[in-house]
Amino acid sequence: MLLLTLLAGCSSHKAPVSNKSPQEVRADIASLMPPYVSDKQGWAKDISTAFSAQDIDPSKENICAVLAVTEQESNFNVNAPIPGLGKIAWKEIDRRAGEVHIPAFVVHTALKINSPNGKSYSDRLDNVRSEKELSAIFDDFIGMVPMGQQLFGNLNPVHTGGPMQVSIAFAESKARGYPYKIDGTVRQEVFTRRGGVYFGIAHLLGYPTHYTEPLYRFVDYNAGFYASRNAAFQQQVHRLTGVPLALDGDVVSYSDTPGKTEMAVRKLGKRLDLSDSEISRDLKQGESIDFEQTPTWKQVFALADKTAGKPVPREMLPGIELNSPKITRNLTTAWFAQRVDQRRERCLSR
């Protein structure tokens, strides 16, 4: 019974359920926030509701993980301004126009017409300050500007938003069970404080792992579910085969062609006693906790442990460079995760 209890605890983020009242949880959250945060009670209420609605334990570790990501991503500014966002927006417009072979001057001329608020789209883009504003502009002209649908369809180029910079596509996939009435769209809700923290918490804590440190969840928050775990798998495949692999946690191929990781694992097929189809089947579990129960996972690590003469790591900081029009420095996922983890430690010290 003890063993089963321990295993259950390792495989779920939901145990144990807190015995604290909502008021006590909100008090914990407010007390752990950085001193400079305004409206601590409002933040605490929204974060507490997100924990409760998703049955996630509001432990001080979990609270500090959420606060650390929020501080890193927005400094608790729901609608944080981004320097030079207008130039970024124009560059994205020109890039997309070029992809469909429409001259830039045609698009720029079209955007000189007035938008629903009376200002031209050009003026709004020149003066846009936040992703929320930019997303609203794109929503407007996709439906109203000549060629807007042809240029952008339903693909708003703002892919993340809100105080935790959560993926809008992820939020749309997790909208069921959202505890608030949505008057507009899920995309618009992400740009609110309550929506941003709800979906951000779901992305950060709403899935089971066997990680030994919160650091690796912060990697996953930036790079995708199980990026830390999968990068460790790739590292051992590289060591066993000598095949160069990008340690990026990307083990699932979404095309009919096997990816580089799969082709490398196939070189171990005889040593693992696995066929190509069995390896392919197992790697498709790469975005699930179940990957760790597959023969491919188990036998790769058994072989790696034997070769190393000791247990090898099942988690690591992957080698991923961060690419975004908003980023002007050479940054990596490891840098992001380590910065967030430092903020988490400072939160716990409070």
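The numbers here are math on the coordinates, done by the rules we state, and not lab data. Everything numeric in this text was worked out from a predicted model, so none of it was measured. All Cβ positions, glycine included, derive from the backbone under ideal geometry; neighbour counts span all protein chains shown.
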Starting from 0.36 nm per residue, how many nanometres of slack lie between ASP55 and THR241 once their C-alpha separation is accounted for? 62.7 nm
Out of PRO258, PHE233, SER349 - ranked by how far each Cα lies towards the positive end of the dipole of the range 211-350, with unit charges on the beta-carbon of charged residues - the top one is SER349
If the cut-off is a Cα-Cα distance under 17 Å, which aspartates and glutamates reach LYS267, setting aside same-chain residues fewer than 8 apart in sequence? ASP276, GLU278, ASP282
Residue pairs, from the table LYS91/LYS174; LYS91/LYS119; LYS45/LYS174; LYS87/LYS119, whose Cα atoms sit over 22 Å apart: LYS91/LYS174
Packing-based exposure ordering (other Cβ within 10 Å, fewest first) of LEU215, LEU274: LEU215, LEU274
How would you rank SER288, SER38, going from fewest to most other Cβ atoms within 10 Å of each one's own Cβ? SER38, SER288
In this structure, the FRET efficiency calculated for SER31 and ILE289 from their beta-carbon separation, with R0 = 30 Å, to the nearest 0.05, is 0.40
Label-point separation (nm) for ASN77 and LYS310, each offset 7 Å from Cα along Cα-to-Cβ? 4.6 nm
For THR160, other-chain or 5+-apart residues with amide H closer than 5 Å (H placed, Pro excluded) are ILE168
The chain: most fluctuating residue of GLN72, GLN41, GLN235 per GNM, C-alpha cutoff 10 Å: GLN41
The range 201-350: C-alpha gyration tensor shape, a/c 1.5 cut-off, then a/b vs b/c: prolate
Mean Cα-pair separation over length for the chain, i.e. relative contact order, pairs under 8 Å, 6 or more apart, %: 19 percent
Cβ-based exposure ranking for ILE289, ILE88, ILE201, in which fewest neighbours within 10 Å come first: ILE289, ILE88, ILE201
As straight-line cross-link partners of LYS270, the qualifying lysines (C-alpha separation under 23 Å, not fewer than 8 residues apart within one chain) are LYS260, LYS284, LYS298, LYS306, LYS310
